[in-house]
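Chemist: A single structure is presented below for examination.
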Amino acid sequence: MLLIKNATAVQFQPASVTEGVDILVDGNKIARVGKDIDARQATKVIDAAGRVVMPGIVCSHNHFYSGLSRGVMADIKPSPDFISTLKNLWWRLDRGIDEEILYYSGLICSLEAIKSGTTTVIDHHASPSFIKGSLSTLRKGFMKAGLRGMTCFETTDRNYGIKELEDGVQENIDFANLIDSAKAKGDEPYLVEAHIGAHAPFTVPNDGLGMLADAVKETGRGLHIHVAEDKYDSTWSRHHYGQELLQRLDSFNLLNEKSLIAHGIYLTDADIELLNARNGFLVHNPRSNMNNNVGYNARLEKFSNVALGTDGIGSDMLEEMKFAFFKHRDAGGPLWPDSFLNFLNNGNRLLERNFGGQFGRLEPGYQADLVIHDYISPTPFVGDNLPGHLAFGMGSNGVRTVVVDGAVVYEDREFPFDVSGIYAEARTAAARLWKNMDNLD
C-alpha cells in the first residue's frame, strides 16, 4: 500500500482545500483519507508536507501521432487557411508515419503528459499508411509510461477511398476487442480504453457513417470525431447532405453519452440542443483553435457537457485551462475560473462513462490517479479561491510526483526508468518522418 502523508488535499468539484491530510492507496483505489493514518500498514510512504495533492487531470482530446512535429523542417507550402494547412502539413505528416515512428511519438507524448501532471489522455489517431495494429502500438507507449488513456483511429476516405474507410473502421473494432480480451484476462493494469474514431464529417461519406454506427453498436464504445472546427465542415454538410452536422450524425445513431465532439465552433443552436439531448460531450481546444485561426467557440455556456483538450499541442492541461479562461475573457465571455475548473474536471466524468468506476476525487473508492504539486501560495489558499489559483498561479512546472492507477509513475521529477535513450530514438524517428513528408505530395 502507498501512503501519502501531511498533504494539502485539493478537491476540484466542489472546490475545497484541506491541510494535513493523509491518503492511503490500496491497489489501484484510494482506501482511506484522513488524519494520522498509521504508516506501518504501508509499503511506501511519501511525505507531502508543504505540497498540494490533487485528483488526476484529463486531456480530453489529443493527437499523439503529431508528437514528432515539433520544429518540423519538412518543406511545407504556404497555407493561408485551415483546409490548406491540413493538406500541406497534417495530412502529409500522418501519411509519413510507420510503426516505429508512431511508437516513439506516442511514448514521448505519454512521458510528457505525465511530467505536466496529466494522468489520462484521450487520443485521436491517424496514420493512413499504417492502419492495422496502429492502436496497439500506441497502447504500448501508454503502458510503458504508465499513463491512462483512450485511443481510436480517425476513419476517413480522404487518401485511399473505400479501402481506407473499411480498414479504419476495422482497426477501431479490433482494438476495442483487444481491450475487452485484456480486461477479461486481467493480468495487466486496465489503463487503456477504446473509442470509435472518425476524422470529421466532411471526410466521411454516409456509407462510412453507417459502418461507424455498426462499430459503435458492436463494441459498446462511443464516437470520437472532429466537428465544425472550421466553417468548411458545416458548409460541406449542408451542400452535400442537406443536413446540419450533428443532425447528420444523429441520423445514424452516432450521438450518445459516450460521444466526444471536438471543437464544435460552428455548430448551430439546434445542433447544440441535440448534443445536449443526447448527453454527449463537447471538447474545447482553445490553443489549437488560436493556432489554426479557425475562430472561437463563444457559446460554451450553452453546452451541458464541456471538457478541455489540446488537439495535439502537448498535454499540459493546467496551461490549457489558463488559455481557455483568458481567451474567453478576451472574447467578452461571461464565465469565470470556476467554470473552467469544472470543464477541466469534467474529463473525469468521461472516464467514468468509459472505464466505469469513480474518478476525480480524493475519496475512498475512487481510482488512485493523483498529482503531487509544489505549490507555495503567497495568498490564502482555500476552496473559495481555488479556481483563481489554478487560473493565475499553479503550473505544470510545479508537478513533483504522479500516481496513476495506484502506481507511482513519476517521483521527485524522475521516471522509474532512463528516458534519455527514448528521446534519442525519438529524434531519429522525427528526422525520418520529416524526410518521409518531403517525399509525399
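The values are calculated or read from the model by the stated rules, or taken from the named source; none is laboratory data. Quick caveat: nothing in here was measured; it's all calculated off a predicted structure. Ideal geometry is used to build each Cβ from the backbone, glycine not excepted, and the neighbour counts take in all protein chains shown.
Chemist: Looking at the range 67-87, can you tell me whether even one residue there is surrounded by 24 or more Cβ atoms within 10 Å (Cβ to Cβ) and in contact with a Gly (Cβ under 9 Å, 6 or more places away or on another chain)?
Modeler: Yes, because at least one residue in the range 67-87 is surrounded by 24 or more Cβ atoms within 10 Å (Cβ to Cβ) and in contact with a Gly (Cβ under 9 Å, 6 or more places away or on another chain).
Chemist: Of all the residues that make up the range 239-298, how many are assigned to a strand (DSSP E or B), farther than 22 Å from Pro205 by Cβ and of a type in the set (A, V, I, L, M, F, W, C)? Write out each step before concluding.
Modeler: If we filter the range 239-298 for residues that are assigned to a strand (DSSP E or B), which is where we start, we get 260-263, 281-284.
If we keep only those that are farther than 22 Å from Pro205 by Cβ as well, we get 281-284.
Next cut, of a type in the set (A, V, I, L, M, F, W, C) only: 281-283.
Summing the residues that are assigned to a strand (DSSP E or B), farther than 22 Å from Pro205 by Cβ and of a type in the set (A, V, I, L, M, F, W, C) in the range 239-298 gives 3.
Chemist: Might you let me know whether the range 17-32 holds any residue that is at pLDDT 95 or above, surrounded by fewer than 19 Cβ atoms within 10 Å (Cβ to Cβ) and under 20 Å from Leu341 (Cβ atoms)?
Modeler: Yes.
Chemist: When the residues of the range 186-200 are filtered to those that are assigned to a loop (DSSP other than H, G, I, E, B), farther than 16 Å from Gly149 by Cβ and in contact (Cβ under 8 Å) with a residue 24 or more places away in the chain, which remaining residue is nearest to the chain's Cα centre (by Cα)?
Modeler: Let us first name the residues in the range 186-200 that are assigned to a loop (DSSP other than H, G, I, E, B), namely 186-191, 195, 199-200.
Right, trim to farther than 16 Å from Gly149 by Cβ and you get 186-187, 199-200.
Filter once more, keeping what is in contact (Cβ under 8 Å) with a residue 24 or more places away in the chain: 199-200.
Working: His199: 16, Ala200: 17 Å.
The qualifying residue nearest to the chain's Cα centre (by Cα) is His199.
Chemist: Now for a different question. Name the helices (runs of 4 or more DSSP H) wholly inside the range 72-153 in which the number of residues that are touching a Leu at 6+ places or on another chain (Cβ under 7 Å) is 3 or more. It would help to see each step written out before you state the result.
Modeler: Values: elements: 82-85, 99-115, 134-145.
Output list reads 99-115, 134-145.
Chemist: Taking Gly133 and the conditions (1) outside the structural domain of Lys258 (by TED's automatic domain parsing); (2) of a type outside the set (Val, Ile, Thr); (3) under 19 Å from Ala194 (Cα atoms), which numbered condition does it fall short on, given that it satisfies the others?
Modeler: (1)
Chemist: Return the total of residues in the range 217-230 being touching a residue at least 40 places away in the same chain (Cβ under 8 Å) and in a helix (DSSP H, G or I).
Modeler: Total satisfying the criteria: 2.
Matching residues to (1) acidic (Asp, Glu); (2) under 20 Å from the mean Cα position of the chain (by Cα); (3) not in a helix (DSSP H, G or I):
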| site | (1), (2), (3) |
| --- | --- |
| Asp384 | yes, no, no |
| His389 | no, no, no |
| Asp418 | yes, no, yes |
| Ala430 | no, no, no |
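Chemist: Among what's in the range 347-392 and is β-branched (Val, Ile, Thr) and farther than 19 Å from Leu3 by Cβ, pick the residue that is surrounded by the most Cβ atoms within 10 Å (Cβ to Cβ).
Modeler: Step by step, filter the range 347-392, then rank; the result is Val382.
Chemist: Does Asp157 satisfy the criteria of being part of a loop (DSSP other than H, G, I, E, B), of a type outside the set (Ser, Thr, Tyr) and free of Cβ contacts under 8 Å to residues at least 12 places away in the same chain? Explain how you work it out, then say what you get.
Modeler: Numbers: part of a loop (DSSP other than H, G, I, E, B): yes; of a type outside the set (Ser, Thr, Tyr): yes; free of Cβ contacts under 8 Å to residues at least 12 places away in the same chain: no.
Considered against the rule, which asks whether it is part of a loop (DSSP other than H, G, I, E, B), of a type outside the set (Ser, Thr, Tyr) and free of Cβ contacts under 8 Å to residues at least 12 places away in the same chain, Asp157 comes out as no.
Chemist: Of all residues in the range 301-317, which are within 21 Å of Leu351 (Cα to Cα) and assigned to a helix (DSSP H, G or I)?
Modeler: The answer is Met317, and nothing else.
Chemist: Here's something else I'd like to know. Quick one: which of Glu320, Glu352 is charged (D, E, K, R) and either assigned to a loop (DSSP other than H, G, I, E, B) or in contact (Cβ under 8 Å) with a residue 12 or more places away in the chain (or both)? It would help to see each step written out before you state the result.
Modeler: Numbers: Glu352 fails: either assigned to a loop (DSSP other than H, G, I, E, B) or in contact (Cβ under 8 Å) with a residue 12 or more places away in the chain (or both).
None of the others qualify; the one that does is Glu320.
Chemist: Restricting to the range 357-388, name every residue that is over 19 Å from Ala49 (Cα atoms) and of a type in the set (Ser, Thr, Tyr).
Modeler: Hit for the range 357-388 is Tyr366, nothing else.
Chemist: Shifting gears a bit: Output yes when any residue across the range 146-157 is surrounded by fewer than 16 Cβ atoms within 10 Å (Cβ to Cβ) and in the same structural domain as Asn346 (by TED's automatic domain parsing), and no when none is. Break it down stepwise before answering.
Modeler: So in the range 146-157, the residues surrounded by fewer than 16 Cβ atoms within 10 Å (Cβ to Cβ) come out as none.
No, the range 146-157 has no match at all.
Chemist: A follow-up question, please. Suppose we filter Gly421, Gly395, Gly406 for residues that are over 30 Å from Asp75 (Cα atoms), outside the structural domain of Val72 (by TED's automatic domain parsing), surrounded by fewer than 19 Cβ atoms within 10 Å (Cβ to Cβ) and at pLDDT 95 or above; which single one remains?
Modeler: Gly395
Chemist: Could I ask something else about it? List, please: which pairs have Cβ atoms under 7 Å, are six or more places apart or on different chains, and start with a residue in the range 38-52 that is in a helix (DSSP H, G or I) and end with one that is of a type in the set (A, V, I, L, M)?
Modeler: Ala39/Leu3; Ala39/Val45; Gln41/Met1
Chemist: Any residue at all in the range 403-420 that is more than 27 Å from His195 (Cβ to Cβ) and among the β-branched types (Val, Ile, Thr)?
Modeler: yes
Chemist: Please enumerate the residues belonging to the range 308-342 that are buried (at least 24 other Cβ atoms within 10 Å of the Cβ) and in contact with a strand residue (DSSP E or B) (Cβ under 7 Å, 6 or more places away or on another chain).
Modeler: Matches in the range 308-342: Leu308, Gly309, Thr310, Asp311, Ser315, Met317, Glu320, Ala324.
Chemist: Among the residues of the range 209-235, how many are crowded, with 17+ Cβ neighbours inside 10 Å and more than 19 Å from Ala262 (Cα to Cα)?
Modeler: Initially, the range 209-235 is screened for residues crowded, with 17+ Cβ neighbours inside 10 Å, giving 209, 211-213, 215-216, 219, 221-230, 232-234.
Next, from what is left, pick out any that are more than 19 Å from Ala262 (Cα to Cα): 211, 215, 219.
Here the count works out to 3.
Chemist: How many residues, within the range 365-384, are touching a helix residue (DSSP H, G or I) at 6+ places or on another chain (Cβ under 7 Å) and among the small types (Gly, Ala, Ser)?
Modeler: Here is the first cut: in the range 365-384, the ones touching a helix residue (DSSP H, G or I) at 6+ places or on another chain (Cβ under 7 Å) are 373-375, 377, 381.
Applying the additional criterion that residues be among the small types (Gly, Ala, Ser) yields 377.
Residues in the range 365-384 being touching a helix residue (DSSP H, G or I) at 6+ places or on another chain (Cβ under 7 Å) and among the small types (Gly, Ala, Ser): 1 in total.
Chemist: Look through Asn397, Asn436 and report the one residue that is assigned to a helix (DSSP H, G or I) and touching a residue at least 40 places away in the same chain (Cβ under 8 Å).
Modeler: Details: Asn397 fails: touching a residue at least 40 places away in the same chain (Cβ under 8 Å).
The match here is Asn436.
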